[in-house]
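**Student:** Following this message is one structure expressed as structure tokens.
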Amino acid sequence: MKHSPTPESTTEHLQKYSSFQSKQEASKVSLDPLERMKQVQDEWLSGVGEEFCLKTLKQLHQQSIDASAGSSTFLPPEEVEQKIRETPILGWVEYTNHLPQKDLVKAAEQYFKKIEVLDKTTQLEVDVYDQDLSNGYFCYVGHGTTELFTSALKSIKKHPNDVVIITDPTYGLFIPPLLEESKGVEILKINEENNYKPDPKALTNLIETTNAKLQNTYLIEVKIIAAFLSAFFQVNEKFLSKLDEIDLTQKCDALKYMLISSQAKPETLDQAVSVFNQTLNKYLKKIPSEVAPYWQNKLSLSYCPRVRGYFHINPQMPLGTICSQSDIDSLADSLSHFPDITVIDDLTYYDLCLSQKTRPGTFAKSQLKNKTLTLYSISKQFALAGVRTGIAIGPQNIIQPIAKHSFNSVNTPSVFTSEAAFQIFKMDHKKREKYLLETNEEYAFRRDFAIALLKGIEHIGNAEHQEKIKATLKELKISARQQTLLLQGIKGITFPVIPEAGFFLLIDFSHYKDQYISSTQLQTSRDFRNAFYSLADLNTLPGEMMLHFDKPILRFSFSLTPKDILESVYRFKNVLSLCRPEPELTASDKASPTVEKVKKLSPATRTVRHDKGSQKVITREDKKIDTEAKDSYSPAILNAFNQHKKEKKKTPVQANDSKRKQTRVKRKIKPNTRYAGETYV
């Protein structure tokens, strides 16, 4: 990419931007990936840095572009929109039942069977609190899948250190609820080696390894309890006998042996913990009631933590890959060996398949049907994100706690939430399929349009789309010469995978990693996102928010209009054109000879690796420390530089001075430089 000279005003502007970014990063450094993700998300949500936008980096218009959004740019089906508008006014006045009504449940059952989320034998029940329906399957309508996911965690996790497995990359908005509960998260890598799909063997290994680590940690907790037991019986020897002590100690030792041998199944460990706690409670009744709660708090054991959940997104977001029913069955077979695991099967993008060749599989049709919470949304595919409607489907032991938690937090779903779900469920099947087909065909074109502009039109295999891309550029009044340049793509841009579903494209900027915009080095996904956002008013989602740290990637939404997709590419290109292999110096830095010397030192140590054969002449400039450099650099750097000067006195030049005649050339320096007159070099 050719670099045009940067105007002085732009240079100063970029220096201000770099100064701001260095201050931001100083407070954001963290080695823990989950904490780092949270920090980047907080920064992303706050929208800091937009005041550094350069109008010259924009081309077609000056408006902001939010390419991070996960909402549709289309309108909902007309008949659904009309029915929502006609919601009876009485429904606005009164509180509604927090459980879905019978007609909604039956409409949901038919709907999910027809789109193959459920098998044809599954029946959905209405009253999740009915004890006679303990083996039943239920659905619940809530304010979006994020709320339902958060509610589900309350019942899935039994211990503060229980773990939920998520993928890398993942849908980042589901991570904060996990962090609020605890830091019980383990990451399953999805990459090219496993075709960007969860690998059953890797999943099994991760669960086994995680459970082993958790048991080792729990063993330490049990050993501490064992140490407290001797103090417990010593303090309460008036009330407890030696036989009591032997009895409770044996229960504790049995549990320790199970953990040390690493052969006990989770249910066996749980039984041993229950026996210990029951025995402890029996002896607590013998001691004074005023101290019993203290000892109960100190000695009671919680259940051994373990992997309790697996969070699966299908189609996988943000990658856009699809797991077929065969893929799901393989995963279910691996997970079936761990009876304590609940699968959270997120089908939010289930209907947004850009190719009709593969339909996503579901865990609700696998052998893990009764261990699965299925989440479904009408926000993405039916353009109803603002209505906030999510549907949870699963057995009673999973849905009932969700219903209770939702009732205690938001009380009842909005009448518009329930009405929107009901209207989608009972919509004519042919009309629904037509609406989705048109939506997916347009998204498939916009995906190819973005790929052609970012990587080159030769990467588009669909000949019809190639012609439509050229026609679209012509409609946007792009000249033939500009079209040729645009359709060559941007040098170095790659994609981990071409999405089969959804409307997100992951863009890999590794080609530009370690380059500089002014003095800001671009290394992480966050750095690239902030550069595009601050300088060009183009917002994307950084890899850190998707729990991905390996490469600098950004999630770009191609649900934008073609004009905004084109404008986004212009802004990507214009910002990347500012990249340089070395940082730009300020005006004062450029005038300082000492600064240039310090720059030549190793960045890590600020020392020079000497060649013992060097015969470099010591100059007068070596003996001066510029006052301006003292102000520009820290004492540590200047001390290192002074140390370097002392080392230079020991070079072979000085040692062999008697054998070699040192030559000095006299020349004049231009009057406008730092030193007037003459000097020696």
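Every number here is computed from the coordinates shown, using simple stated rules; none is lab data. From a predicted model like this one, the values you see are computed outputs, not experimental measurements. Every residue, glycine among them, receives a Cβ derived from its backbone with ideal geometry; neighbour counts consider all protein chains shown.
**Student:** First select every other residue whose beta carbon is under 14 angstrom from the beta carbon of K380; then total the charges, Lys and Arg +1, Asp and Glu -1.
**Tutor:** Every neighbour counted, the sum reads -2.
**Student:** Sorting check: for 92-99, 318-325, which peptide has the highest mean count of neighbouring beta carbons within 10 Å, and how do the rest follow?
**Tutor:** Order by mean packing, descending: 318-325, 92-99.
**Student:** Give me the distance in nm between label points sitting 7 Å out from Cα along the Cα-to-Cβ direction at T209 and H511, one decimal.
**Tutor:** Here the modelled spin labels are 3.4 nm apart.
**Student:** Please give the net charge around T268, taking every other residue with its beta carbon less than 13 angstrom from that of T268, where Lys and Arg add +1 and Asp and Glu add -1.
**Tutor:** That works out to -1.
**Student:** Still on this model: For the pair Q356 and K256, what calculated FRET efficiency results from E = 1/(1 + (r/R0)^6), where r is the Cβ-Cβ distance and R0 = 45 Å, to the nearest 0.05?
**Tutor:** With a Förster radius of 45 Å, E is 0.20.
**Student:** Going by amide H atoms built from the backbone, whose H comes under 5 Å of the H on A501, apart from near neighbours?
**Tutor:** When sequence neighbours closer than 5 places are left aside, the close amide H contacts are L354.
**Student:** Also, I was wondering about something else. Tell me which residues come under 5 Å, amide H to amide H, from I344 once H is placed; ignore anything under 5 positions away on its chain.
**Tutor:** For I344, whose amide H was placed from the backbone, the distant partners under 5 Å are Y310, F311, H312, L373.
**Student:** Using packing as a proxy for protection, rank 562-569, 534-541, 423-430 so that the peptide with the highest average count of other Cβ atoms within 10 Å comes first.
**Tutor:** 534-541, 562-569, 423-430
**Student:** I'd like to know which of I457, T524, Q483 lies farthest towards the positive end of the charge dipole of segment 413-545, counting +1 on Cβ of Lys and Arg and -1 on Cβ of Asp and Glu.
**Tutor:** Result: Q483.
**Student:** Set the Förster radius R0 to 45 Å, insert the Cβ-Cβ distance between K551 and L60 as r into 1/(1 + (r/R0)^6), and round the FRET efficiency to 0.05.
**Tutor:** 0.95
**Student:** What pairs from K158/K371; K83/K426; K434/K563; K455/K563; K157/K404 go past 19 Å between their alpha carbons? It would help to have the intermediate numbers written out before the result.
**Tutor:** Working: K158/K371 15 Å; K83/K426 12 Å; K434/K563 25 Å; K455/K563 17 Å; K157/K404 16 Å.
Check vs 19 Å cut-off fails for K434/K563.
**Student:** Something else about it: Going by average Cβ neighbours within 10 Å, how do the peptides 129-135, 274-280 rank, with the highest at the top?
**Tutor:** Ranking the peptides 129-135, 274-280 by packing returns 274-280, 129-135.
**Student:** Using the Cα centre of segment 50-130 as origin and beta-carbon charges of +1 (Lys, Arg) and -1 (Asp, Glu), tell me which of A67, V117, L104 is placed farthest towards the positive end of the dipole.
**Tutor:** Value computed over the given set: A67.
**Student:** So, one more: Could you give the length gained by full extension between T412 and E35, i.e. 0.36 nm per residue of separation minus their alpha carbon distance, to one decimal place?
**Tutor:** This chain segment gains 132.4 nm when fully extended.
**Student:** Please give the net charge around P200, taking every other residue with its beta carbon less than 14 angstrom from that of P200, where Lys and Arg add +1 and Asp and Glu add -1.
**Tutor:** -3
**Student:** How high is the relative contact order of segment 209-299? Use alpha-carbon pairs under 8 Å, at least six apart in sequence, and give a whole percent.
**Tutor:** Numbers: 49 pairs, mean separation 32.6, N = 91.
So the answer I get is 36 percent.
**Student:** Which three extents, in whole angstrom, do the alpha-carbon atoms of segment 209-299 cover along their principal axes, largest first?
**Tutor:** 45, 21, 19
**Student:** Would you give the gap between the C-alpha center of segment 227-303 and the C-alpha center of segment 325-376, rounded to a whole Å?
**Tutor:** 41 Å
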